[in-house]
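For reference, the structure discussed in these notes is given below.
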Amino acid sequence: MTRNVPEEIKPMEIEIAPAGLRAILAIPPNAIGMVIFAHGSGSGRLSPRNNYVASALRDDGFGTLLLDLLTPEEEQERANVFDIGLLASRLSMAGRWVREQWSASAMPIGYFGASTGAGAALVAAARDEPEVAAVVSRGGRPDLAGAWLGNVQTPTLLLVGSLDEQVIELNKQAFDAISAPKRMTIVRGASHLFEEPGTLEEVIVHTSAWFSAYFQ
């Protein structure tokens, strides 16, 4: 699961104030938008699967920001890991940070959420701070967005593994509650983590097409 990254877009470690969130930023030349990654519980900016997806998206012309939604100290408090409101506020903070950067100020912003990060992405999108062009959930828990699902106006793609039966049902419930343009795609042969050969590649194809369509 290794990709060669051109020298000019090699990722760099940054810190986003005021919370001191650690992140990995990479922007290819003439980027068509910025995808901010929201990881699930027990994961973070170093997630090998999300870094693999991010590398492929950069090849397709997207900037990427892989973000730790909590500081190391905050992660020690288990309740924070499942505090969707807190995680959403951190994602919005990162979105505003992107908007403030002169080199990325005109870029459309999208959220890519995995597991609990998907719930946070949808809450952040529903709050509309800043405006979000599209959301993609990979093996996510969009149901955790709760009552916010009815306020989501952002085009949303839900990607779920065919072997992840419980999460399929939770995604179906969330899908029905979203009134925005939406699609739910079952990736055949994939489990919750999409570790099976070829499954992440399918995620990349669907994700890139979704962001391309709504970043125009």
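Every read-out reported here was derived from the displayed coordinates using simple, explicitly stated rules and does not represent laboratory data. Here the structure is a predicted model, which means the values were calculated and not measured. With ideal geometry, Cβ positions are generated from the backbone for all residues, glycine too; neighbour counts draw on all protein chains shown.
Shape annotation for region 9-214: C-alpha extents along the principal axes are 41, 36, 30 Å, from largest to smallest.
Using a simple spin-label model with pseudo-atoms 7 Å out from Cα toward Cβ, residue 96 and residue 78 lie 3.2 nm apart. With the simple model of a label 7 Å out from the Cα in the direction of the Cβ, residue 153 to residue 213 spans 2.0 nm. For the pair residue 71 and residue 86 in one chain, pulling the backbone fully straight at 0.36 nm per residue adds 4.2 nm over the alpha carbon distance.
Of the residues 141, 188, 99, the one with the fewest other Cβ atoms within 10 Å heads the list, and the complete ranking is 188, 99, 141.
The charge dipole of region 1-148, taken about the Cα centre with unit charges on the Cβ atoms of Lys, Arg (+1) and Asp, Glu (-1), comes to about 300 debye, rounded to the nearest 20. When the chain is treated as a Gaussian network with alpha carbon springs shorter than 10 Å, the biggest mean-square fluctuation among 187, 205, 35 belongs to 205. Taking the Cα centre of each part, how many Å lie between region 12-66 and region 138-216? Result: 19 Å between the Cα centres. If you run the Gaussian network model on the chain, springs between alpha carbon atoms under 10 Å, then out of 95, 110, 198 the most flexible one is 198. Summarising the strand pairing of the chain, around 25 percent of its internal DSSP beta bridges are antiparallel.
Put a plus charge on the Cβ of each Lys and Arg, a minus charge on the Cβ of each Asp and Glu, and nothing anywhere else: the dipole of region 107-171 about its Cα centre is then about 100 debye. Tell me, what is the percent relative contact order of the chain, built from C-alpha pairs under 8 Å that lie six or more residues apart? Here the relative contact order equals 16 percent. Compared with the alpha-carbon gap, the fully stretched path from residue 205 to residue 172 is longer by 9.7 nm at 0.36 nm per residue. The per residue volume of the convex hull around the alpha-carbon atoms of region 157-216 is 67 Å³.
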